[in-house]
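I have placed the structure first, in the form of structure tokens, so that the comments after it can refer back to it.
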């Protein structure tokens, strides 16, 4: 099973469990459960487990998604939605452009087959994250504006898929790509990486 198919299956399974649980517990008032499935991550690979890999914006989105699912949206949640949407619509996309234009080309030309495969996976992730963001961003903007047209379960599902992709991507970037770039800069101190101060 390829990664894309696995993620789709996992997302559908998580949504099914979440919706079934939501319907089953709606009358009892029991809490809902958020299931985040991350491919190939260890327990301490993401920020909310005190990892060395810091994912504060992802953690904020996970917290907001849970809040929208379980509580009413207040001014604080609207402000948080606005900040999260601005970060992922701006900084995340800029980060992807820097990697695609300035970091990945030299790694793809390295001759290291394993590294090339990892870079190709990260490139594919960029596409999937952008596609998922197209679904999540309008819902975040609606929350930020105080609109009530979003379906909390649909928002939760979209956020879960986006988060799963991003957490795995961040861990792979930090443990492989950033390490490679640091090593290359250490051996060639005059080397420049696109997006770094010139």
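Listed values, structure above:
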quantity: Spin-label model distance (nm) - residue 75 vs residue 108, 7 Å beyond Cα toward Cβ; calculated: 4.9 nm
quantity: Pairwise centroid distance, computed over Cα atoms, of the stretch 89-153 with the stretch 68-84, Å; calculated: 23 Å
quantity: Spin-label pair residue 182/residue 151, simplified geometry with 7 Å Cα→Cβ offset, distance in nm; calculated: 4.4 nm
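Read-outs: derived from the displayed coordinates by stated rules, not from any lab. Keep in mind it's a predicted model, so treat the numbers as computed, not measured. Neighbour counts are summed over all protein chains in view; Cβ atoms, including those assigned to glycine, are modelled from backbone coordinates with ideal geometry.
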